[in-house]
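Asks: I'd like to ask some things about the structure below.
The values are calculated or read from the model by the stated rules, or taken from the named source; none is laboratory data. Please read these numbers as outputs of a predicted model, since none were measured by experiment. Using ideal geometry, Cβ is built from the backbone for each residue, glycine included, and neighbour counts are taken over all protein chains shown. The protein model used for the area step is the full one, side chains on, heavy atoms only, and it has no ligands, DNA or RNA in it. Shrake-Rupley method; radii C 1.70, N 1.55, O 1.52, S 1.80 Å.
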Amino acid sequence: MIRINENYLKLQASYLFSTIARRINEYQMQHPDKEIIKLGIGDATRALPKACIEAFHTAVDEMAADATFRGYGPEQGYPFLREKIAENDFYSKKVDISEDEIFISDGAKCDTGNFQEIFATDITIAVPDPVYPVYVDTNVMAGRTGEFKNSRYQKIVYLECTEDNNYLPDLPEKPVDLIYLCFPNNPTGATISKGALVKWVDYAREHKSLILFDAAYEAFIRDESLPHSIYEVDGAKEVAVEFRSFSKTAGFTGTRCAFTVVPKECMAHDASGNQHSLHSLWNRRHSTKFNGVSYPVQRAAEAVYSKEGKEQVTNIISGYMKNADRIRQEMDDLGFSYAGGMNSPYIWINAKMDSWDFFDMLLKNAGVVCTPGAGFGTCGNQYIRLSAFNSFENIEKAMNRIKDSVKK
Ligand code: PLP
């Protein structure tokens, strides 16, 4: 008899985006002439940088001739891309990461979801609340979380991020083994200073824990004092794995390319306390289950680091951040308190009411779609997330409509 992994039955159905879609449809049926502006989903809206498109085309043409055709590539990624990443994202910023510590993949979603596979099922995990749901659900599937009761999984240590702690999680009160951190944060848009990050690295070193640091939004950092990488903290290479993505940086959400950094110093332990290299274990896992990102996509990602590519990426990010500034300005004018939007494309707004009620109000009165914070955890119940991924024109229109509807 074929049997299932019963941990899957513990998963909470994610009603978030399907419920949003249903409510939009209902509204649209009743108001067929009303134009809806979507500031909910965090998906890039601007085209790939020109430099990436050109590199993409050239690489596709190479695949058309026997002499330049490429079949399977290295599972860890082509050296041309790994070298550029090591040089531009780390070495030039005085962070010592070598190219063979970089694993190219088709997304930070897969990597942040898959990494937990190499750990024991009875370790304790800590996740922020609110949180990018992938961290939680993949641990549920692995059987690490216990049952879902009273809106929470019984074995997860939740690190609450609220206005009171500036959306920065406090260190766990009891020892945990695996810690998920994401900065700049989705959904709150909060950032972490180097000093605060030092405390997490010290904690991990003291408790022999590991930090999974999701830096998918590092390209949106404008404040030069903020760390872009956890490896800017001394000692982090022993206790942290970092995830990056070209999705939001360069509009690769539909093209798919990301990378994970696993330093060679990073160790985990077996039941007898012997150390094992995470780099070797991840390399084994990655090359067993993954066959590499396509050659044209890696060439397109490489072009992000060309002179033109860098300028074009900066331009795209500045466009999104101009949108974020406009949203923040409107929230200031309307007297809402919020986090994010300074170094992140997300603005996390204290709605001071149930997040779904606020969602409905915004949809009905303004024709604007937000994401109800409840979808990211119990700490999000009174919050909504607005995303800066849209055209400036739409953001402007949406803000004017929100102003009119909130002032009514
Ligand atoms: N990590 C965070 C925090 C995200 O918000 C997202 C996407 O929204 C991802 C990872 C996924 O990135 P990718 O498109 O590389 O899979």
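Asks: Return the long-range amide H neighbours of E160 (sequence gap of 5 or more, or a different chain), with a cut-off of under 5 Å between placed amide H atoms.
Replies: Those qualifying (amide H under 5 Å, at least 5 residues apart or on another chain) are D129, D170.
Asks: Counting other Cβ atoms within 10 Å of each Cβ, which trypsin sites (Lys or Arg not before Pro) in segment 3-39 have at most 12 and sit in a DSSP loop?
Replies: When the trypsin sites (Lys or Arg not before Pro) of segment 3-39 are filtered for loop state and at most 12 Cβ neighbours within 10 Å, R3, K34 remain.
Asks: Considering only DSSP beta bridges with both partners in segment 53-307, what is the antiparallel share in %, to the nearest 5?
Replies: 45 percent
Asks: Rank these residues by their accessible area, most exposed first, probe 1.4 Å: R222, R144, R284.
Replies: Result, largest first: R284, R222, R144.
Asks: Shape verdict for segment 2-93, please, from the Cα gyration tensor: rounded (a/c under 1.5), prolate (a/b greater than b/c) or oblate.
Replies: Prolate, since a/c reaches 1.5 and a/b exceeds b/c.
Asks: Could I have the simple spin-label model distance between H57 and N394, label points 7 Å from Cα toward Cβ, reported in nm to one decimal?
Replies: Distance between label points: 2.6 nm.
Asks: Now, a different point. Taking the solvent-accessible surface of protein heavy atoms with a 1.4 Å probe, what is the per residue accessible area of the chain in Å²?
Replies: 46 Å²
Asks: State the Cα centre-to-centre distance between segment 1-56 and segment 235-265 in whole Å.
Replies: So the separation of the two Cα centres works out to 23 Å.
Asks: For every other residue with a beta carbon closer than 12 angstrom to the beta carbon of A55, add +1 if it is Lys or Arg and -1 if Asp or Glu, then tell me the sum.
Replies: With Lys, Arg at +1 and Asp, Glu at -1, the neighbours total -2.
Asks: While we're here: Around G146, with a cut-off of 9 angstrom between Cβ atoms, what is the net charge of the other residues, counting Lys and Arg +1 and Asp and Glu -1?
Replies: Every neighbour counted, the sum reads +3.
Asks: As a test of the formula, what do you get for the chain when each DSSP H run with n ≥ 4 contributes -39,500 (n - 2.57) and the sum is divided by the residue count, at 222 nm and rounded to the nearest 500 deg cm²/dmol?
Replies: -11000 deg cm²/dmol, from helical runs alone.
Asks: Taking the Cα centre of segment 53-307 as the origin and placing charges on Cβ (Lys, Arg +1; Asp, Glu -1), which of L168, Y158, S98 is farthest toward the positive end of the dipole?
Replies: Value: Y158.
Asks: Tell me, what % of the accessible area of segment 53-307 is carbon and sulfur with a 1.4 angstrom probe?
Replies: Carbon and sulfur: 48 percent of the exposed surface of segment 53-307.
Asks: Okay, moving on. Please name which of P372, T260, H31 has its Cα lying farthest along the dipole of the chain towards the positive end, using unit charges on Cβ (Lys, Arg +1; Asp, Glu -1) and the Cα centre as origin.
Replies: H31
Asks: Leaving out same-chain residues fewer than 8 places away, which aspartates and glutamates sit with a Cα under 13 Å from that of K50?
Replies: Counting by Cα, and skipping residues close in sequence, K50 has these aspartates and glutamates nearby: E302, E308, E311.
Asks: In whole percent, what relative contact order does the chain give with Cα contacts below 8 Å and a gap of six or more residues?
Replies: Relative contact order for the chain comes out at 23 percent.
Asks: Which of the three applies to the chain, rounded, prolate or oblate, going by the alpha-carbon gyration tensor with a ≥ b ≥ c and a/c under 1.5 meaning rounded?
Replies: oblate
Asks: Continuing with this model, one more query. Using the Cα centre as the reference, give the magnitude of the dipole from point charges on the C-beta atoms of the chain (Lys, Arg: +1; Asp, Glu: -1; all else neutral), rounded to the nearest 20 debye.
Replies: Roughly 840 debye, rounded to the nearest 20.
Asks: Continuing with the same structure: Between K407 and N315, what's the calculated FRET efficiency when r is the beta-carbon distance and R0 is 35 Å? Round to 0.05.
Replies: 0.55
Asks: Shifting gears a bit: Using Cα positions and a limit of under 17 Å, work out the lysines in reach of K264, with same-chain residues fewer than 8 apart set aside.
Replies: Qualifying lysines at Cα under 17 Å: K208, K237.
Asks: Something else about it: Compute the signed sum of charges (Lys and Arg +1, Asp and Glu -1) over the other residues within less than 15 Å, Cβ to Cβ, of K199.
Replies: Value of the local net charge: -4.
Asks: Using 7 Å Cα-to-Cβ label points, what is the E308/M353 separation (nm, one decimal)?
Replies: The modelled label-to-label distance comes out at 5.1 nm.
Asks: Sticking with this structure for a sec: Please identify every one of the chymotrypsin sites (Phe, Trp or Tyr not before Pro) in segment 1-34 that sits in a loop by DSSP and has no more than 16 other beta carbons within 10 Å of its own beta carbon.
Replies: In loop regions of segment 1-34 (DSSP not H, G, I, E or B), the sparsely surrounded chymotrypsin sites (Phe, Trp or Tyr not before Pro) are Y15.
Asks: Then there's this: In the chain, with Lys and Arg counted as +1 and Asp and Glu as -1 at Cβ, which of these residues, I347, N390, F359, has the Cα nearest the positive end of the dipole, that is, farthest along it?
Replies: F359
Asks: What order, most packed first, do the peptides 70-83, 117-130 have when packing is the mean number of other Cβ atoms within 10 Å of each residue?
Replies: Taking the mean over residues of other Cβ atoms within 10 Å, the ranking is 117-130, 70-83.
Asks: So how much slack lies between E117 and M361, counting 0.36 nm per residue of separation and subtracting their Cα-Cα distance, in nm?
Replies: Here the answer is 83.7 nm.
Asks: Here's a follow-up. If packing is taken as the average count of other Cβ atoms within 10 Å, what order do 54-60, 186-192 fall into, highest mean first?
Replies: 186-192, 54-60
Asks: Beyond a 32 Å Cα-Cα separation, which of these cross-linked pairs lie in this structure: K10/K289; K109/K322; K352/K397; K38/K310; K10/K84?
Replies: Result: K10/K84 exceed 32 Å.
Asks: Simple spin-label model, 7 Å along Cα-to-Cβ: F80 to D96 in nm?
Replies: For the pair F80/D96, the computed spacing is 3.0 nm.
Asks: How far, in nm, would the chain grow between K208 and A65 when pulled straight, counting 0.36 nm per residue and subtracting the alpha carbon separation?
Replies: The K208-A65 span can extend by a further 46.3 nm.
Asks: Under the rule a/c < 1.5 gives rounded, and otherwise a/b versus b/c splits prolate from oblate, where does segment 222-344 land using the Cα gyration tensor?
Replies: It is oblate, given that a/c is not under 1.5 and a/b is not larger than b/c.
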